Amino acid sequence: DRGFLYDVIGAVEPVGICGSGLIDLAAALTGTGCIDEGGRLLSPEEAPEKMRRYLTRDENGNGIFHLTREVYLTAQDVRNLQLAKAAVAAGIDVLLATKGMKSSDIDGLYLAGGFGTHYNLESAITVGLYPDLPREKFKILGNSSLAGAKRLLLDASCRARLDRIREM
């Protein structure tokens with residue numbers, strides 16, 4: 001009842017929503033019923049009563065969810081998240097199909113890079129970005145490209161292994 005809590009990078013006034021924030025917000029709005037099962041951001045009239053104070057409508061009647069007066073989520077933002085989610089899901093599906101596997105066959109899902117480190121895994125699973133696997137199968141690697149470059153520079157055996165891989 002006290003509104004939504006959020007963090008702002010740099011402890012300044014918020015001016016937008018970052019990628020991990022978008023995933024968290026979409027998961028929260030799915031849980032509260034502001035985003036329906038089809039991924040549509042509801043208008044104030046369609047949303048649960050306790051959430052209506054955060055919603056307005058755009059010129060097309062689509063819902064707009066306000067964290068603040070200046071920071072809000074639009075139907076287009078949700079659509080863009082759906083497209084990104086679909087691309088990730090399609091990539092996973094293609095890899096699994098290539099190997100004749102299904103998601104339950106996955107031993108580990110390795111998440112790398114800044115984005116792979118700085119988001120809430122439960123939110124990503126809630127919005128369908130990743131398959132709903134047992135959580136221990138997710139491996140957060142951090143900045144693996146930087147770690148790999150460092151290892152390559154400092155360990156001669158890595159360079160030899162890389163040369164063998166390149167030859168294959």
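The table below gives the values:
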item	result
Of all residues in the stretch 92-137 being part of a helix (DSSP H, G or I), at pLDDT 90 or above and under 15 Å from the mean Cα position of the chain (by Cα), the one that is surrounded by the most Cβ atoms within 10 Å (Cβ to Cβ)	124
Long-range neighbours under 9 Å by Cβ, at least six apart or interchain, first residue free of Cβ contacts under 8 Å to residues at least 40 places away in the same chain within the stretch 157-168, second surrounded by 10 or more Cβ atoms within 10 Å (Cβ to Cβ) and assigned to a helix (DSSP H, G or I)	158/148; 158/151; 158/152; 159/152; 159/153; 162/152
Options 73, 22, 29, 83: the member that is within 19 Å of the chain's Cα centre (by Cα) and surrounded by fewer than 13 Cβ atoms within 10 Å (Cβ to Cβ)	83
Any strands (runs of 3 or more DSSP E) falling wholly within the stretch 25-86 and containing at least 1 residues that are in contact (Cβ under 8 Å) with a residue 40 or more places away in the chain	63-66, 72-74
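The values are calculated or read from the model by the stated rules, or taken from the named source; none is laboratory data. As the structure is a computational prediction, the values presented were derived from the model and not from experiment. Positions of Cβ are backbone-derived with ideal geometry, glycine not excepted, and every protein chain shown enters the neighbour counts.
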